[in-house]
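Each value in this text was obtained by applying a stated rule to the coordinates, not by laboratory testing. Please read these numbers as outputs of a predicted model, since none were measured by experiment. Positions of Cβ are generated from backbone atoms using ideal geometry, with glycine treated the same way; all protein chains shown enter the neighbour counts.
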Amino acid sequence: MNRKIKLKDYRAGMLVVSTDRVETQVYTVESIKGYWITMVWREGDRTCICGMDSSMLITPTIEQIEYSINNNGRLADMNDVADVKVLIG
């Protein structure tokens, strides 16, 4: 299965990862500016943000999503994305 994501297919709210390893953080896309993808994720009760070149991201597997939830807490959702837009916005 090809897990690479074409630039035209990125959208706010989609889930992405930056590695094939199961032990990873699953990110939620916040915004797309050219090739730069800004992402948010949750660490306990905190919302975190970072950016990365789109070529470094892939679609997460079910195992990665399960690991991230079980070890890092809930995934960021569109409400978290909206909260970040207000804070940096």
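Go through the range 44-76 and give me each residue that's among the aliphatic types (A, V, I, L, M) and surrounded by 11 or more Cβ atoms within 10 Å (Cβ to Cβ).
Across the range 44-76, the qualifying residues are I49, M52, M56, L57, I58, I65, I69, L75, A76.
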- Task: Go through the range 44-67 and count every residue that is touching a helix residue (DSSP H, G or I) at 6+ places or on another chain (Cβ under 8 Å) and in a helix (DSSP H, G or I).
- Result: 1
